[in-house]
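Trainee: Submitted below is the structure of interest, expressed as structure tokens.
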Amino acid sequence: MRKVIASISALLIGAGLLAYSALPANAAENTRYVTVTGVGTTSVVPDAVRFYASVSALAATNKEALSTASKSASAVRAALKAKGIATKDIKTSSLSVYPEYNYTQDQGSKLVGYRASQSFTVVIRKADAAGEVIDAVVEAGGDAVQINGVAPFLVDGAAATKTAREAAVADAKSRASTYAKLLGEKLGRVIYVTEQSAPNYVFPMMMSSKAADEMTQIDLGETEVSVSITVSWELN
């Protein structure tokens, strides 16, 4: 048992030397301490949805294609605003006009017209209204509209971050207490603490439809919020 304790002591002393540079400058050089990292994670249902849509039009000239696509884009904007989506949550992510060709083995490349496209990134801050909003966009834009993806996410993560942080502190203290007990020591005051990573939001990307006579349903899933901290305690 003494050999085991001696080995653990040597390991912790080595770890302490490595971590010493991170301690406050006023910490005494002969302070005995244990440094551990704790991780806390919690899962919550996302409260918002980001979705990606685009409109496009094919016409004989650049001008005509852009004009037709712009009309569809205006209809999409109007539908979004009618559903309560704020202007700040509607962002144009791309706009393009280019010649479109059709290739055949007999005739090679042949110009068929000009394609104009405009893409949007839209934030829906009421997640339960996402399906209704997307249906309104598709109805307003008709066949010119494409929905390119959805991403449920967390706008207000303060409560979830607090829960994850509390779990991280509890995890760190449990680890430190275990080491102290193995060494026959007791934990003293905290001499160093830092949060090493920001909360990590994982966005599940999914979209599903119900029957044709019902509105589109967006499955929100869960978002994982994780906090990691490093804490040093004096050993008494």
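The values are calculated or read from the model by the stated rules, or taken from the named source; none is laboratory data. Everything quoted here is computed from the prediction, not taken from an experiment. Cβ coordinates were reconstructed from backbone atoms using ideal geometry, including for glycine residues, and neighbour counts include every protein chain displayed.
Trainee: Of the numbered conditions (1) under 29 Å from the mean Cα position of the chain (by Cα); (2) part of a helix (DSSP H, G or I); (3) modelled with pLDDT of 95 or more, residue 119 fails exactly one; give the number of that condition.
Mentor: Of everything listed in (1) under 29 Å from the mean Cα position of the chain (by Cα); (2) part of a helix (DSSP H, G or I); (3) modelled with pLDDT of 95 or more, residue 119 misses just condition (2).
Trainee: Here is a further query. How about region 139-150: which of its residues are in contact (Cβ under 8 Å) with a residue 12 or more places away in the chain and either surrounded by fewer than 17 Cβ atoms within 10 Å (Cβ to Cβ) or in a loop (DSSP other than H, G, I, E, B) (or both)?
Mentor: Within region 139-150, 139, 142, 146, 147, 148, 149 meet the criteria.
Trainee: I've got another one for you. Among the residues of region 101-123, which ones are surrounded by fewer than 15 Cβ atoms within 10 Å (Cβ to Cβ) and closer than 24 Å to residue 72 by Cα?
Mentor: Selection gives 101, 111, 112.
Trainee: Can you name the residue in region 29-71 that is closer than 17 Å to residue 133 by Cβ and among the small types (Gly, Ala, Ser) and is also nearest to the chain's Cα centre (by Cα) among such residues?
Mentor: Across region 29-71, the extreme among qualifying residues is 48.
Trainee: Scan region 165-199 residue by residue and report those that are among the basic types (Lys, Arg) and either under 10 Å from residue 38 (Cα atoms) or in a helix (DSSP H, G or I) (or both).
Mentor: Within region 165-199, 165, 173, 175, 181 qualify.
Trainee: So is residue 172 hydrophobic (A, V, I, L, M, F, W, C), modelled with pLDDT of 95 or more and surrounded by 12 or more Cβ atoms within 10 Å (Cβ to Cβ) or not?
Mentor: Against the criterion (hydrophobic (A, V, I, L, M, F, W, C), modelled with pLDDT of 95 or more and surrounded by 12 or more Cβ atoms within 10 Å (Cβ to Cβ)), residue 172 qualifies.
Trainee: Give the residue that is surrounded by the fewest Cβ atoms within 10 Å (Cβ to Cβ), with candidates limited to residues of region 43-72 that are of a type in the set (A, V, I, L, M) and farther than 30 Å from residue 156 by Cβ.
Mentor: That would be 60.
Trainee: Looking for whichever is in contact (Cβ under 8 Å) with a residue 24 or more places away in the chain and more than 26 Å from the chain's Cα centre (by Cα) here; the options are 82, 160. Which one fits?
Mentor: 82
Trainee: Another question, then. Criterion first (within 30 Å of residue 221 (Cβ to Cβ) and surrounded by 14 or more Cβ atoms within 10 Å (Cβ to Cβ)) does residue 97 satisfy it?
Mentor: Spelling it out, it is not the case that residue 97 is within 30 Å of residue 221 (Cβ to Cβ) and surrounded by 14 or more Cβ atoms within 10 Å (Cβ to Cβ).
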